[in-house]
Each structure stands twice: as structure tokens, then as C-alpha cells.
Protein chains: 2
Amino acid sequence: MDAAAIAELTAALGADRVSIAAEDLAAYAYDGSWMDSRPDLVVHPQTTEQIAAVLRIAEARRIPIVPRGAGTGLAGGSLPAAGSICLNLARMNRILEISAADTLAVVQPGVVTNDLQRAVERIGLFYPPDPASVYQSTMGGNVATNAGGPRCLKYGVTGDYVLGLEVVLAGGHVLRLGGRTIKDVAGYDLKRLFIGSEGTLGVVSQIIVRLIPKPAAQLTALAAFPRLADACQAVGAILQADVIPLVTELMDQGTMRAVEEFKRLGLPTEMEALLLVAVDGDAELVKREIAIVGEVLWRSGAAEVRQASSVAESEALWEARRSVSPAIARLARNKLGEDVTVPRSKVAEMVARLHEIGRANDLRVVVYGHIGDGNLHPTLLCDRRDPEVMQRVEKAAGELLMAAVELGGTLTGEHGIGIFKLDHVADALDPNALAWMAGVKALFDPHGIMNPGKKLPA
Amino acid sequence: MDAAAIAELTAALGADRVSIAAEDLAAYAYDGSWMDSRPDLVVHPQTTEQIAAVLRIAEARRIPIVPRGAGTGLAGGSLPAAGSICLNLARMNRILEISAADTLAVVQPGVVTNDLQRAVERIGLFYPPDPASVYQSTMGGNVATNAGGPRCLKYGVTGDYVLGLEVVLAGGHVLRLGGRTIKDVAGYDLKRLFIGSEGTLGVVSQIIVRLIPKPAAQLTALAAFPRLADACQAVGAILQADVIPLVTELMDQGTMRAVEEFKRLGLPTEMEALLLVAVDGDAELVKREIAIVGEVLWRSGAAEVRQASSVAESEALWEARRSVSPAIARLARNKLGEDVTVPRSKVAEMVARLHEIGRANDLRVVVYGHIGDGNLHPTLLCDRRDPEVMQRVEKAAGELLMAAVELGGTLTGEHGIGIFKLDHVADALDPNALAWMAGVKALFDPHGIMNPGKKLPA
């Protein structure tokens with residue numbers, strides 16, 4: 001990066017908010033994927049005005065900007081490109097307001113999601129979105145990916161809680177979108193364009209989120225199914241029994257075996273699937289609901305159902321699910337964690353196709369996911385040092401994405417497109433929709449400096 | 001409209017789908033507002049392809065298009081302009097699919113909202129959005145205005161249920177946006193641009209909506225408050241008691257008196273406010289919740305609380321609320337029904353300001369609304385034949401809109417901008433946001449044929 005640009009950024013932000021030392025750059029060269037790539041420079045703005053100053057300078061000099069929260073993204077969305085400025089938002093980590101009267105919170109983008117959750121729960125409120133990265137990932141990153149998690153069937157995704165956004169566009173223009181009310185039809189809903197746009201349209205500098213009363217209780221059941229298809233059917237049957245579950249987590253046999261290899265929990269590894277179901281809400285109601293869930297699970301073909309009657313018992317049932325990620329990580333040197341989503345009725349068929357794709361490409365594929373909203377995380381085990389294996393991984397990944405699209409689903413439910421799925425976007429989206437998405441990109445970022453090479457194919 | 005254009009439209013659609021007779025045009029000259037304006041021609045497409053054909057011809061000939069559902073809009077959004085084609089979508093009224101397995105429905109834009117509600121309720125499902133016009137208004141119109149209603153605090157607005165849209169742009173380009181899954185972060189969320197855009201960006205030709213299990217029961221309480229501010233505070237107190245009410249309908253003294261003049265229900269017209277609160281869900285839980293609501297209402301300063309312990313008793317309590325519209329309509333020759341929304345904590349202050357604005361302008365103003373989401377419907381009584389009165393009405397309307405904005409609210413919660421509030425948009429929205437909204441309009445409708453003169457100021 002040329003010296004004049006560095007001098008201008010330093011003058012605008014102060015020397016302590018601009019990093020160019022190699023050891024600093026190295027710390028921002030990775031994300032939650034297996035790629036890495038160093039930025040030329042990292043800036044650490046602490047105000048909207050400082051973000052705007054960076055985006056003014058970057059626009060004038062046509063320097064790419066890569067916004068970054070905690071760097072937990074799994075699709076490469078926050079990976080810096082060579083020649084780029086990494087815009088580190090982690091220092092903008094203040095909760096500016098929690099209003100019990102208006103049941104909302106106003107936060108800076110660098111607030112860690114679980115910090116917000118704990119803060120609002122202290123006063124009896126609840127922020128439901130709960131991506132797996134919740135203890136590290138930031139609210140800005142959650143907005144940028146429209147982060148989901150296991151609770152979406154009942155509570156929706158991050159975007160469903162965003163009432164207002166302040167965003168900064170390339171060139172430093174600040175836009176205030178939405179506000180503090182649930183209903184607002186003055187103007188177009190531009191804020192939704194930014195939610196899930198992975199930093200390619202602008203930088204989120206402030207967020208207003210809706211809160212709800214904290215549910216009083218939560219209970220869990222765990223069922224083992226000889227047939228995976230029955231576990232998938234059970235979720236629909238639970239809804240038909242008028243219970244909207246908080247969580248419906250499927251683990252296939254491969255996932256179960258990985259967990260059992262990691263921790264001896266005594267899981268029934270001869271079964272095809274485990275299904276973890278949780279309900280939340282009124283303390284008395286959840287007791288009745290978890291009993292209904294238990295009955296439905298038996299009726300749906302479960303060979304074993306364990307129901308927690310206390311928080312402690314619920315925690316024990318969660319242990320298998322919580323161990324999935326570290327357990328899978330031990331199975332191979334590398335793993336590709338995928339994120340396909342299909343309509344709920346197609347989950348069983350999709351899991352069968354995922355297993356078939358694994359067999360056909362001679363790869364170990366384990367599958368788990370939030371099946372109430374059709375969101376599956378097939379994980380392909382591999383070794384990145386072996387180019388032949390990686391060729392099969394790439395082929396299998398392409399096949400499983402297209403299988404999801406064929407079944408009426410989507411390439412990504414919650415991880416985003418980033419750089420990893422760019423090649424498949426054109427096969428998945430309507431060509432006219434894609435053309436107007438490119439128009440939106442050009443409207444908000446005419447010189448293409450915002451996180452270039454991500455989200456939309458060139 | 002020139003003969004060649006009429007011939008081209010007739011050739012594309014068939015003569016029975018093109019109306020030019022004066023008596024036909026007159027039937028499409030009004031909406032739910034007090035304005036009227038005849039289109040030059042009405043087309044009645046029955047397929048997406050026919051909509052596309054109309055929009056191709058209109059684009060080539062630069063003829064304005066005014067999409068229309070049931071014409072129940074209150075802001076003039078579907079009022080035809082002279083020289084325009086009224087695009088009547090009422091014949092596209094088929095429910096294409098109801099999937100219990102995927103808990104969704106696919107509908108054409110002309111489906112009447114309550115027809116969808118009844119169809120899904122027959123199989124135990126629920127489509128929550130419930131605008132007052134639900135027995136007449138169409139799903140396409142509900143999407144175009146992002147229609148709300150009384151249930152939004154608990155269940156959200158129309159847009160929160162839209163999973164996918166098919167839209168047709170000026171020029172006839174068809175875009176398929178979103179799909180059949182709750183989670184989907186492939187591409188930008190363009191569908192949200194169309195939701196609430198009042199037909200100014202394109203025509204919604206197909207809608208996929210999310211459904212939920214139908215709540216088993218609903219119960220209601222009605223409280224009379226000597227002080228209106230206490231009624232407003234009560235809603236926050238209900239939430240703090242961990243009950244998310246289905247409905248929190250406020251009626252001020254003027255509204256109560258209008259209802260009492262219309263029907264002798266024995267309402268306590270010496271009180272400042274009535275508050276109707278309903279809860280829905282599990283049958284046993286709603287009994288406990290309505291008891292909690294009752295306690296909170298007493299504790300909040302109610303002088304009288306009536307609680308329904310059965311569906312029949314609930315219905316009786318609803319009678320006052322259901323009578324509001326016809327009762328107010330009897331008070332004066334004309335009424336201007338407004339639709340401001342403020343943060344929940346500002347509702348009491350906003351109602352006080354509304355009464356003050358009424359007094360200062362020597363106008364009778366009655367106020368009711370969905371106060372859980374801060375949405376108030378102040379109604380200004382007037383006689384349109386008296387220009388002096390109408391001058392005061394216009395002044396008062398401007399003042400009340402600006403009062404909402406000053407309190408952190410918005411010009412319109414659910415009715416839309418249409419043509420009635422155009423003059424106030426620039427005072428309410430961030431100027432940069434407005435500039436990019438104009439850019440979005442130009443991107444999707446470069447020749448400005450889609451419902452011109454609505455939603456955004458020129």
C-alpha cells in the first residue's frame with residue numbers, strides 16, 4: 001500500500017488505529033475457514049465518523065475494504081485480499097442502550113453476540129438468535145451473514161430482530177435505515193439489503209435489535225431412531241401436535257460415532273440417527289410440551305427416548321450435541337463444514353443424497369443440522385495436503401450444493417456465500433434476480449471497493 | 001390512450017381481459033381513501049406471462065402502470081393516475097398450494113387474505129397477519145404495503161411471513177426471489193425491497209408464505225382506565241410479566257363515546273381509555289396468562305377489568321373494538337384515518353400530543369390503535385366540502401406526522417405513503433437513505449412507469 005494512503009489513514013484515525021506491522025497483519029489473515037490471506041493494512045475505527053473517513057479515503061484511492069468482526073465466518077467472507085484494508089470493527093464493542101420499555105437494544109457492530117444475550121437476560125429480556133459462534137462472533141458479523149443457528153424454526157434469524165441499521169457506504173456516506181418501531185413502511189426497506197450482504201454493500205456501524213421477554217423454562221428430549229427418515233418425519237409430526245420446538249437437532253450415525261470416539265457417552269451408535277428436541281416457554285407448558293414431544297418421538301419410530309425433567313438432565317442430553325464440532329475435528333486433519341438448506345419435507349431425502357455423494361466420491365461425510373428449518377451441515381473429512389483427495393472434496397461439495405438446489409433448497413442457510421460458494425451462485429439463483437443483484441451492488445458500491453470477490457460472481 | 005396501445009394490449013391478453021368502457025373504468029377509480037381518479041384502461045391478467053406482456057408494452061410505450069388488488073388501501077397507493085393502465089390483479093386469486101409438511105402456502109396476488117387464513121386453518125395451520133381489511137384486501141396488496149394489523153407485537157407483519165416472491169419488473173422481466181426455506185443467504189434479499197414498495201418497483205405475481213401451527217385458544221380482557229397514560233404503561237407491564245399479548249388495542253375517550261353513540265354497549269365513557277388485551281396459545285396457558293393480564297391491568301390503575309372466561313365472553317368484549325370504524329364514520333361526513341407509529345414508551349406522550357393538535361386546530365380527533373407496537377390511528381373528523389376545515393385538517397395532519405417523527409417514530413406503520421404522505425417523506429427519512437431509495441427506484445424502473453408519483457417524493 002502506498003505511503004501516501006497510509007499517511008492519510010493515520011492522519012484521519014490516529015497512529016494507534018492503523019496497523020501495518022507484519023505480526024499485526026498476520027493476526028487478521030485468517031477466518032473460520034481454512035484459507036488465509038494477509039491484508040496490506042488493518043484499521044481499527046472506534047466511531048462511525050472514523051469508518052466514514054476510511055471509506056472516503058479508500059473510495060478515492062480505489063483500495064478494497066474487507067470489513068471484519070471476530071473472523072469466525074466459515075465461507076471466507078471476511079478473508080482479506082492482497083492489497084486490501086482490513087476494517088477491524090472489534091473495538092466498536094459497546095452496548096449503547098438496552099431499553100426495557102421499548103424492548104430493544106442499540107449496539108455497536110463489534111459487540112460479541114453472547115455479551116448482548118447475557119446483558120439483556122439480566123433484566124429478563126431475550127435476544128433469540130444463537131449461531132454456534134455466539135461466544136466469539138459479533139453482532140455486525142451476524143448481521144452481515146444474517147446468522148441463524150438452531151432456534152430459527154421458532155424464533156427466526158438475525159434479520160428478523162433488526163429494527164434499524166446505520167451503515168456507511170463506500171465514499172463515507174452514512175445511511176440511517178429503519179428505527180425503533182416494529183412497523184415502519186415509510187420508504188423502501190433498504191436495511192434488509194445489508195442484512196446478509198457479507199460486507200459487499202457497506203459497513204454496518206450501528207444496530208438496533210428487537211428483544212422479547214425471556215422464556216421462563218426450557219426442556220429437552222433425546223431420541224434414537226433405527227431409521228433416519230423417521231427422525232426427519234418426527235419434526236413435522238411435532239408441529240402437527242401444535243408444538244413449535246425451540247430446537248430440532250439431527251445427528252446421523254457418522255456424527256454419533258465421532259462423538260462416541262471422542263467422549264464415551266454411551267450413545268446408541270448402532271442407530272441411524274439421534275434427534276435432540278428442546279422446547280421453551282412457560283414452565284408448566286414446557287413440561288406438557290416435552291411430554292407430547294416424547295409421545296410423538298415414540299410414535300414416529302424412536303427406539304429410545306430420554307426426556308429431561310430438570311435443567312440438569314437437559315444439560316446432560318445436550319452434551320452429545322455440544323461435542324459434535326470438536327469430535328468431528330478429531331476425525332481428520334481437515335474438514336469442510338457445509339451449510340445446505342432444503343424445505344423441511346426434503347430433509348430425509350437430502351441426507352440420503354449426502355451419504356450417497358460421500359460414498360460415490362469415497363469420502364467420509366457426517367451430517368448434522370437444524371432440521372426444523374431444513375438446515376443441514378454435512379461435513380466432508382479430508383486432508384488438504386492431498387491434492388487428489390481435495391479434488392474429490394471439491395467435486396462432492398459441488399454435487400451436494402446442486403442436490404440442495406434440485407430439492408428446492410438453497411446453497412447456504414446461514415454461513416453465506418463468501419468466496420467458497422461463488423462458483424455455484426449462478427447455478428442456484430434466478431438469472432434475472434442475479435442481474436438485478438449486480439445492479440444493487442453497483443448502486444451502493446460503484447467502484448467495487450467493498451469486499452470485492454465475495455458474495456456475487458463477477 | 002392511443003388506439004395502437006389498446007390494440008397491442010388486446011392482442012396480448014384477449015379482449016375479455018382489457019376494459020375501456022367508462023362504466024368499467026369508474027369501478028376502478030377509487031380506493032380506500034377519499035380520492036378518486038379514473039385510469040384510461042384496465043387490464044385483468046390471469047398469469048405471470050400476461051402481467052409480463054402488459055409491462056413490456058407499457059415500458060415500450062412509457063405508459064404508467066398502477067397495480068391494484070382489492071383497492072382497500074388508505075393512502076392512495078392504488079389510485080390510478082390519468083393516462084395510466086390499472087393492472088387489476090383480482091382475477092389471479094388462486095391458492096396454488098398449501099403444504100402441511102413444509103408449513104407454507106403458495107398464492108397468487110389476488111387471493112383475499114382471509115380466504116387464505118380460512119383455508120390453512122382448516123388443516124390446523126395459521127397465517128397470523130390480520131390487517132383490518134382482511135376480508136377484502138389481497139395478499140398482493142398486503143405485500144405491497146407490508147400490511148400489519150393488531151397482532152404484530154406477537155406475530156410480526158406481512159413481510160415476516162414472506163419466504164419467496166415472484167415479481168415482474170417494468171419491461172416484463174420476471175424475477176424469482178427467496179424460496180421455500182426460512183434460512184437463505186444466497187444472494188441479496190431483494191424480496192424485502194418489494195415488500196412495502198407499494199407497486200413502485202414491480203408487480204408481485206406469486207407469493208410463498210410461511211405458516212405456523214394454529215394456536216389452540218384465545219382469551220380477552222377489557223379494562224377501563226381513568227387515566228390514558230396508565231393504559232399505555234400497562235402494556236409494558238404485561239410484557240414485564242412475561243406475557244406477549246396477541247392484541248393490545250387502545251381506545252381513547254373520543255373513540256369510546258363514538259362507539260357508545262353508535263351502539264349502547266354501556267361503555268364507561270367517563271374514563272379516559274379502554275384497553276383490550278387478548279392472549280393466544282395453549283388452552284391452559286392462556287387461562288393463566290389472561291389472569292396475569294387482569295392482575296397487571298388492576299395494578300396499572302384500571303378502574304374496571306372484565307375478563308372473558310370463554311370464547312363467547314371474549315366475543316362480547318371485542319364488540320366495542322369492532323364497532324370503532326363504523327361508529328367513527330357516523331360522526332362526520334368525512335374522516336382522515338392516520339397511521340403514525342412511535343416507540344412503545346412514547347405512546348402516552350403521542351396520544352397527548354394528538355389530542356393537543358386536535359384542540360389547537362379546533363378539530364375533533366379520536367385515537368385508537370395497536371399500542372403494543374406503538375401504532376396509533378388518530379382519526380380527524382371533517383367535511384371535505386368545507387375548504388377552511390380541510391386547511392386545518394391538512395395542517396393538523398402535518399403536525400401529527402412530525403410529532404411522531406420527533407418522538408422517534410415513523411410517518412406510517414402499516415397504511416403506506418401512497419400519495420397522501422409524499423410531502424412529509426423528506427422530513428422523516430435520512431436524506432442519504434432517501435437518495436439511495438431513489439437509486440433503487442431508478443434501477444428497477446428506469447423509465448418511471450411503475451405507479452409513478454407514489455411512495456417516494458420526486
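The values are calculated or read from the model by the stated rules, or taken from the named source; none is laboratory data. As the structure is a computational prediction, the values presented were derived from the model and not from experiment. Quick reminder, even Gly has a Cβ in these numbers, built from the backbone with ideal geometry, and neighbours come from all protein chains shown. Only protein heavy atoms, including side chains, enter the accessible area calculation; ligands, DNA and RNA are left aside. Shrake-Rupley method; radii C 1.70, N 1.55, O 1.52, S 1.80 Å.
What percent does the relative contact order of chain B come to when contacts are Cα pairs within less than 8 Å and at least six residues apart?
Computed value for chain B: 15 percent relative contact order.
When you look at the Cβ of every residue in B:84-96, what mean number of other chain Cβ atoms sits within 10 Å?
The shielding value for this peptide is 0.
Please list 3J(HN,Hα) in residue order for region A:81-92, calculated via the Karplus relation 6.51 cos²θ - 1.76 cosθ + 1.60 where θ = phi - 60°; whole Hz, with x for glycine and proline.
Values per residue, Gly and Pro as x: 9, 4, x, 9, 9, 7, 9, 7, 9, 5, 7, 8 Hz.
Round to the nearest 10 and give me the degree value, 0 to 90, for the angle of helix A:253-262's Cα axis relative to the longest principal axis of chain A.
80
Select the chain B residue whose beta carbon lies nearest to the rotation axis carrying chain B onto chain A, and write the distance in whole Å.
Nearest to the symmetry axis by Cβ: B:R192, 2.
What are the nm distances, shortest first, from B:A26 to its equivalents in the other copies, labels at 7 Å along Cα→Cβ?
8.4
On average over all directions, what projected area in square nanometres does region A:310-383 have, based on the convex hull of its Cα atoms?
5.7
Short version: ³J(HN,Hα) in whole Hz for each residue of region A:402-410, in order, from phi by Karplus 6.51 cos²θ - 1.76 cosθ + 1.60 (θ = phi - 60°), x for Gly and Pro, what are they?
5, 4, 4, 5, 4, 8, x, x, 9
In whole angstrom, how far apart do the alpha carbon centroids of region A:102-128 and region A:252-329 sit?
Going from one Cα centre to the other spans 28 Å.
What value in Å³ per residue do you get for the convex hull of the alpha-carbon atoms in region A:254-307?
Per-residue hull volume (Cα only) is 89 Å³.
What angle do you read, to the nearest 10 degrees and between 0 and 90, between the alpha-carbon axis of helix A:48-61 and the longest principal axis of chain A?
Tilt of helix A:48-61: around 70 degrees.
What's the extension gain from A:A100 to A:A316 if we count 0.36 nm per residue and subtract their Cα-Cα distance?
Stretched out fully, the A:A100 to A:A316 stretch lengthens by 74.5 nm.
Applying the Karplus parametrisation 6.51 cos²θ - 1.76 cosθ + 1.60 with θ = phi - 60° to the phi angles of region A:189-195, what ³J(HN,Hα) value in whole Hz is obtained for each residue in order, glycine and proline being reported as x?
Per-residue couplings from phi come out as 7, 5, 4, 5, 5, 6, 6 Hz.
On the Cα set of region B:95-213, report Rg and Dmax in Å, please.
13.3, 41
Largest first and in whole Å, give the semi-axes of region B:3-88's equivalent ellipsoid, each being the square root of 5 times a Cα gyration tensor eigenvalue.
After scaling each eigenvalue by five and taking roots: 21, 13, 12 Å.
Count, for each residue of A:173-179, the Cβ atoms from other chains sitting within 10 Å of its Cβ, then give me the mean as a whole number.
Across the residues of A:173-179, the mean count of other-chain Cβ atoms within 10 Å is 6.
Just to confirm the number: angle between the C-alpha axis of helix B:3-13 and the first principal axis of chain B, 0 to 90 degrees, nearest 10?
70
Per-residue Cβ counts within 10 Å, from other chains only, averaged over B:191-199: what number is that?
4
Amide H neighbours of A:H377 under 5 Å, at least 5 residues apart or on other chains, H built in the peptide plane: list them.
Long-range HN contacts for A:H377: A:Y368, A:G369, A:H370.
For A:R62 paired with B:A217, estimate the spin-label separation in nm (one decimal), with each label point 7 Å from Cα along the Cα-to-Cβ line.
According to this spin-label approximation, the distance is 6.9 nm.
Tell me: how much accessible area in total is hidden between B and A, 1.4 Å probe, Å², nearest 100?
6300
Using +1 on the beta carbon of Lys and Arg, -1 on that of Asp and Glu, and nothing else charged, what's the dipole of the protein assembly as shown about the Cα centre, debye to 20?
Rounded to the nearest 20 debye, it is 220 debye.
Provide Rg and Dmax in Å for the protein assembly as shown, with only Cα atoms included in the calculation.
Every Cα atom of the protein assembly as shown included, Rg and Dmax give 27.8, 85 Å.
Check which residues have an amide H placed less than 5 Å from A:L125's amide H, if you skip close sequence neighbours.
So A:L125 has HN proximity to A:K214.
Over chain A, one equal point on each Cα, no solvent: what is log10 I(q)/I(0) by the Debye formula at q = 0.08, 0.09 Å⁻¹?
The computed values of log10 I(q)/I(0) come out as -0.48, -0.61.
Using label points projected 7 Å from each Cα along Cα→Cβ, tell me how many nm separate B:Y30 and A:E349, to one decimal.
Here the answer is 4.9 nm between the modelled labels.
Amide H of B:S137: which non-local residues (sequence gap of 5 or more, or other chain) have their own amide H closer than 5 Å, using H built in the peptide plane?
B:T113
Using a 1.4 Å probe, what is the accessible area per residue for region B:95-213, in Å²?
Computed with neighbouring chains in place, this is 24 Å² per residue.
Which three semi-axes in whole Å describe the equivalent ellipsoid of region B:165-225, each the square root of 5 times a Cα gyration tensor eigenvalue, listed largest first?
For region B:165-225, the semi-axes come out at 34, 17, 11 Å.
Could you give the length gained by full extension between A:A442 and A:E284, i.e. 0.36 nm per residue of separation minus their alpha carbon distance, to one decimal place?
51.5 nm
Using the structure shown, select from A:K441/B:K455; A:K335/A:K454; A:K183/B:K214; A:K154/B:K455; B:K346/B:K395 the pairs with a Cα to Cα distance greater than 26 angstrom.
Checking Cα-Cα distances, A:K154/B:K455 exceed 26 Å.
State, to one decimal in nm, how far the label point of A:T10 lies from the label point of A:W298, with both points 7 Å from Cα in the Cβ direction.
My value for the distance between the label points is 7.3 nm.
Computed FRET efficiency, Cβ-Cβ of B:Y135 and B:L331, R0 25 Å: what is it to the nearest 0.05?
About 0.60, to the nearest 0.05.
May I ask you to order A:196-205, B:60-69 by the average number of other C-beta atoms within 10 Å around their residues, highest value first?
Ranked from most to least packed, the peptides come out as A:196-205, B:60-69.
If you average 1/r over all unlike Cα pairs in region B:111-171 and invert the result, what Kirkwood radius do you get in angstrom?
12.1
Which order do peptides A:278-287, B:176-185 fall in by mean Cβ count within 10 Å, highest first?
B:176-185, A:278-287
Applying 1/(1 + (r/R0)^6) with R0 = 51 Å to the Cβ-Cβ distance of B:R384 and A:T47, what FRET efficiency is obtained, to the nearest 0.05?
Once the sixth-power term is evaluated, E becomes 0.50.
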